[in-house]
1. With the structure loaded, tell me whether residue 313 is of a type in the set (Gly, Ala, Ser) and more than 26 Å from residue 290 (Cβ to Cβ) or whether it fails that test.
2. Please find, within the stretch 336-366, the residue that is farthest from residue 386 (Cα to Cα) out of those that are of a type in the set (S, T, N, Q) and surrounded by fewer than 10 Cβ atoms within 10 Å (Cβ to Cβ).
3. Please enumerate the residues belonging to the stretch 111-145 that are assigned to a loop (DSSP other than H, G, I, E, B) and surrounded by fewer than 15 Cβ atoms within 10 Å (Cβ to Cβ).
4. Name the residue that is modelled with the lowest pLDDT, counting only residues in the stretch 142-177 that are basic (Lys, Arg) and under 17 Å from residue 12 (Cα atoms).
5. For residues in the stretch 321-354 being among the charged types (D, E, K, R) and modelled with pLDDT of 90 or more, which is farthest from residue 378 (Cα to Cα)?
6. Among the helices (runs of 4 or more DSSP H) lying completely within the stretch 320-416, list those that include at least 2 residues that are free of Cβ contacts under 8 Å to residues at least 24 places away in the same chain and within 33 Å of the chain's Cα centre (by Cα).
7. Any residue at all in the stretch 102-114 that's within 18 Å of residue 139 (Cα to Cα), among the aliphatic types (A, V, I, L, M) and either without any contact (Cβ under 8 Å) to a residue 40 or more places away in the chain or not assigned by TED's automatic domain parsing to the domain that holds residue 144 (or both)?
8. Go through (1) surrounded by 14 or more Cβ atoms within 10 Å (Cβ to Cβ); (2) part of a helix (DSSP H, G or I); (3) not small (Gly, Ala, Ser) one by one and return the number of the condition residue 148 breaks.
Amino acid sequence: MYWGEEMKPLAYRLRPKSFEDVYGQDHLVGKQGVLTAMLEKKKLLSFILYGPPGTGKTTIAELFAKSCGLDYYFFNASTDSKAKLKDILDTTGYHDILLVIDEIHRMKTDVQDYLLPFMENGKATVIGLTTLNPFQSINLAIRSRCHLFEVHRLDDEAIEKALKNGLKELDIDIKIDQQAMKAMIRYANHEIRTALNILESASLILNDGDTLTAQMVYRVAGKINLDLDDHEDHFYQLLSALQKSIRGSDVDASIHYLARLITLGDLLSIIRRLLVIAYEDIGLANPMMGVKVQSACDSAIKVGFPEARIILGAIVIDMALSPKSNTALLAIDEALLDFENNETGVVPDHVNNQKIKVNPDIYHYPHDDKDSINEQSYLPKDIEHKTYYHPKDESAYEKALLERLKQIDKIKQRKR
C-alpha cells in the first residue's frame, strides 16, 4: 500500500525545511545567527552542537549541510566503523566535504586520530552532535578544533507555536482549549516531536468541530483523570517548590511537591534535584546526607516506579527535617567571584612543586607537625587574609569544624 505525504506522521510533515522553520534557536539560525552568517559569507567552520534531546540539533545540521555547497556525509560515532569513515574521507582527494558526526562524544580514539589531519588541512569540515556537555565528554583534540554552540532547551512559547502549526496540518478541523494546550506543553518536556505526537494521537478521538480538552490529553498521554494544571504549574516550578520546601524544613510541603513530581514520572530529574539540595541546602550541617541521598537515589533507579516513590518519600522527609547550612555554597561562590574579578595573586613558592623541587626546605610537611598543622599559609600573598568559609555553630558537625578552624588559626596566627 502506498502512503501519501498526508498519511505520514505529523512530526515528519512539519520537519523544518529552512532555518526560518526552526523553533527557539535564533542565536544560531535566526537572521543574526552565527550559522546563518557562516552560510551567507561562505565561511564554513567546524562546530559542535550540544543540547538536550528533541531541541533540533540533527535538523539544524541537516539544513546546514544542504545549504553549504559541499558534498555531505553522515557518520554515527556510536555505531559506524572506522572503515566507513575511511571510505568517506577518501573522497576528499577530489574535493572538500562536510561530515556530520552524531554522538560525537562516543568517537573512539583511533577514529579521532584518523579524522584530525583532515580537519587540520580543511579537507573535512565537521559538525558534531551531542546531548552531553562537550567540555566534559569530548576529547580535547577534537574539541579544540571546533566551535561550540549550545542548542537551547525549547521554552513553552516555542512548543505552543509548533502545536498551533500542527493544528493546521491535521486532516480534521478541531480547537484546543487553554488547559489542553498547557497539558501538551508540559508532557512534551520541551520536545516538539513529543508535543506533535500527543496532538496527533488526541486528534484521533475527535471529530470535525470538536474541542480538545486537558482530560483528553491525559487519556492519550497515559495520565487519566489527573488535573495537574489547576494552578498553572510547570515541571521546573515544581522542582523549585520541592527544593524551597526542603530548604524551609516544611516536611508536608516537601512530600506534597514530591508527589506531584512523581505523578509526572521523570525520576532522573527528581534525583538530580535531590542531590543538589543535599549539598546546597543541607551541606555541612549534616554531611552524611549527601551519602544517604546518593544511596537512596541509586536504589530508586534500580527499582523504578512505582516502588521508587517509597524510597524518595523516606529520603525527602529526612532531608526536610535535617539541619541546614549553605556555608559551603557561599564559600565556593565567593572564591569563584574573586577569580572572575581577577582577585587572585601568585601561588606561593612553598605551594609550587617546581619551586619545592629546587628547594625542598621551603615546604613544611603538615603531617610531621602536631595535629597535622603548622604555621604556613597557602593562599597567594595578595589575598592571604581572605576568609571564604564562615561556619555556623547551629549543628554539631559545623560546631566541630568551627573548633578545628579556631585551632588552626591559633597555630597559624592568621590575621582576619
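The values are calculated or read from the model by the stated rules, or taken from the named source; none is laboratory data. Note that this is a predicted model, so its numbers are computed, not measured. Neighbour counts are summed over all protein chains in view; Cβ atoms, including those assigned to glycine, are modelled from backbone coordinates with ideal geometry.
1. It is false that residue 313 is of a type in the set (Gly, Ala, Ser) and more than 26 Å from residue 290 (Cβ to Cβ).
2. Among residues in the stretch 336-366 that are of a type in the set (S, T, N, Q) and surrounded by fewer than 10 Cβ atoms within 10 Å (Cβ to Cβ), the one farthest from residue 386 (Cα to Cα) is 354.
3. 121, 122, 132, 133, 144, listed by residue number.
4. Only one residue fits best here, namely 168.
5. Among those that are among the charged types (D, E, K, R) and modelled with pLDDT of 90 or more, it is 324.
6. 327-340
7. Yes, there is a match, as at least one residue in the stretch 102-114 is within 18 Å of residue 139 (Cα to Cα), among the aliphatic types (A, V, I, L, M) and either without any contact (Cβ under 8 Å) to a residue 40 or more places away in the chain or not assigned by TED's automatic domain parsing to the domain that holds residue 144 (or both).
8. Unmet condition: (2).
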